[in-house]
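For reference, the structure discussed in these notes is given below.
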């Protein structure tokens, strides 16, 4: 897995926008024909807990207060 500055517990957002998400873990996944570093995240939609996997390059740290 490639080095990155993220760690479990960090709050991130997709670079394209969306809700704040908390990093819950890391891994590798095939995206198309390539093996990519992924970040596993969790977030809430109202009271429902959601989770997903995202390409490391598609998220950024979010330190906003909103």
Any idea how far apart residue 30 and residue 15 come out in nm if each label point goes 7 Å out from Cα toward Cβ? 2.6 nm
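Hey, any idea what the orientation-averaged projected area of the convex hull of segment 11-58's Cα atoms comes to, in nm²?
For segment 11-58, averaging the hull's shadow over all directions gives 3.5 nm².
Read-outs throughout are calculated quantities, based only on the coordinates presented, and are distinct from any laboratory measurement. Since we're looking at a predicted model, the values are computed, not measured. Because the Cβ atoms are built from the backbone with ideal geometry, glycine has one as well, and the counts that use them run over all protein chains shown.
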